[in-house]
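The values are calculated or read from the model by the stated rules, or taken from the named source; none is laboratory data. Source: prediction; values computed, not measured. All Cβ positions, glycine included, derive from the backbone under ideal geometry; neighbour counts span all protein chains shown. Just the protein is used for accessible areas: all its heavy atoms, side chains included, with ligands, DNA and RNA removed. Shrake-Rupley method; radii C 1.70, N 1.55, O 1.52, S 1.80 Å.
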Amino acid sequence: MLLKIFDFSTITAAFHLWLSGKMSSVLVMLIEMTIAGMCALGLFVFLGLVLVYMERKVSAVMQIRIGPNRVGPWGTIQAVADTVKLLLKEGLTPDGADKFLFNFAPILVIIVSMLILAPIGFGKGLVIWDLNIGVLYISAVSSIGVIGILMAGWASNNKYSLIGAMRSGAQIVSYELSVGLSLISVVILTGSLQMSDIVNSQANGWWIFKGHIPIIISFIIFVIASTAETNRAPFDMAEAESELTGGFHTEYAGMKFAMFFLAEYINIFIVCAIGATLFLGGWMPFHIGGLTAFNDIMDYIPSPFWFFGKTFFLIFVIMWFRWTFPRLRVDQLLTLEWKYLLPISMVNTLLVTLMAIMGWYF
Amino acid sequence: MGPGSLILLIICGVAFAGGGILLSQLIARSSTNSQKGQPYECGVPTEGNTWIQFNVGYYLFALIFLIFDVELVFMYPWAVAAKATGMFALIEIIIFMFILFLGLLYAWKKGALKWM
């Protein structure tokens, strides 16, 4: 198979073997951890800059504007300039705020989005920790994020922040159920919670093609609910600018605000990465049954390109939503989840189970 | 890598967020002013206590969420075994889902899902 040349696990195994021959196991572990940590930090910085730039360009295209075009070629250094500006801003702590919680909340939000990176496979063999309960781990860790938001809103000593945080909390916990049920529908078909197993099960076709209509329904529910999970428009009740100024981060300034901003973008990336892994085949190339020549050409494209391509496509869709749909009211938001999405996804789970047991999929 | 990677990622997160905030505190200019620390609220001083009682509706949704979230946790091990178990798993989950759905219907009829 041509896929083999892009297998990162052989490279990492060879590197591990080479290091082990030279030094003690503790040192090897430390070096490997440092490299992995550097990669995670690099990915964070890269994603922050790229997604902020992408958001501004996509919104410019949607509104027939030019968008950032002054700083650097095509405005590509705009995001860097924004970061430097935020770095030079004074970080205010309002009077009467709970100082510890106020300063800890941005750090907690970043830690949570850092932790979810662990089971995501960025390419063949390119994963930090491929644990065997990957999907459960993701849904468990991602729900800690809401605590950071509630913490920020409560500690700010501001009514807007408090209302924003409460809305955000209600919204995130509600939509978590639909996300969970749509993740479960893929788990039923795969029979495994491990992310690499889920990707490997899609070698002969992605679940969205193999799983017929029930999986397409759960994919649509996943996209809607994960847009709500990340507090993106049209579900950005938490920071509805026209009513709550900034929602839970009204009182935050400078770098602490930047951390919330960055965490929001990283979370968009993460939910899109999960969607791409579970429904769109992760790093698996696009294959059409029977067309051997076409499939071989597709195999030549390295797996990280496939993964990032699919993920950025989903990110584009979520950015598209923002400029297409008007913001919902808080009651409409909860009605949509509890009276439509949740019953539909419950019935859909049963359909997927029936399909999996009867073998009605490719 | 093993479970150690989680500790590594936590360290990375603390280093990234804490480092950024510390760096900005070191290089950013700051000035103090008695007006500066006031909560932001449309330009006039805040009235009353900020940490107020809020709408009970949030609490109701949190309670219903709790029930369904526990259900979801129960469904993960079932989902892994469902395909291998066969028809028995489907019948079992239909009963399970039906009882939960009755719970949802009850909450719906009682008006717990209506935003006040």
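Miscellaneous remarks
- Single residue of segment A:341-360 satisfying the filter (more than 7 Å from every other protein chain (Cβ to nearest Cβ) and of a type in the set (S, T, N, Q)) that is surrounded by the fewest Cβ atoms within 10 Å (Cβ to Cβ): A:T349
- Restricted to segment A:139-161, and to residues there that are open to solvent by less than 10 Å² (accessible area, probe 1.4 Å) and aliphatic (A, V, I, L, M), the residue that is farthest from A:E32 (Cα to Cα) is A:A155.
- Subset of segment A:325-340 (residues that are at the interface with chain B (Cβ under 8 Å from one of its Cβ atoms), open to solvent by 10 Å² or more (accessible area, probe 1.4 Å) and farther than 19 Å from B:F98 by Cβ): A:V330, A:D331, A:T335
- Residue identified as within 30 Å of B:G43 (Cα to Cα), surrounded by fewer than 20 Cβ atoms within 10 Å (Cβ to Cβ) and over 22 Å from the mean Cα position of the chain (by Cα) among A:T250, A:T245, A:T292: A:T245
- Among residues of segment A:67-94 being polar (S, T, N, Q) and more than 24 Å from the chain's Cα centre (by Cα), the one that is nearest to the other protein chains (Cβ to nearest Cβ) is A:T93.
- Residue in segment B:30-46 that is part of a helix (DSSP H, G or I) and within 8 Å of chain A (Cβ to nearest Cβ) present: no
- Candidate set: segment B:47-83, residues that are within 7 Å of another protein chain (Cβ to nearest Cβ) and small (G, A, S); chosen: the one farthest from A:L136 (Cα to Cα): B:A62
- Of the residues making up segment A:81-108, those that are open to solvent by less than 60 Å² (accessible area, probe 1.4 Å), hydrophobic (A, V, I, L, M, F, W, C) and more than 12 Å from B:I21 (Cβ to Cβ) are A:A81, A:L92, A:A97, A:L101, A:L108.
- B:L23 being more than 7 Å from chain A (Cβ to nearest Cβ) and assigned to a helix (DSSP H, G or I): no
- A:G37, sole failed condition from (1) under 26 Å from A:A273 (Cβ atoms); (2) without any contact (Cβ under 8 Å) to a residue 12 or more places away in the chain; (3) open to solvent by 10 Å² or more (accessible area, probe 1.4 Å): (3)
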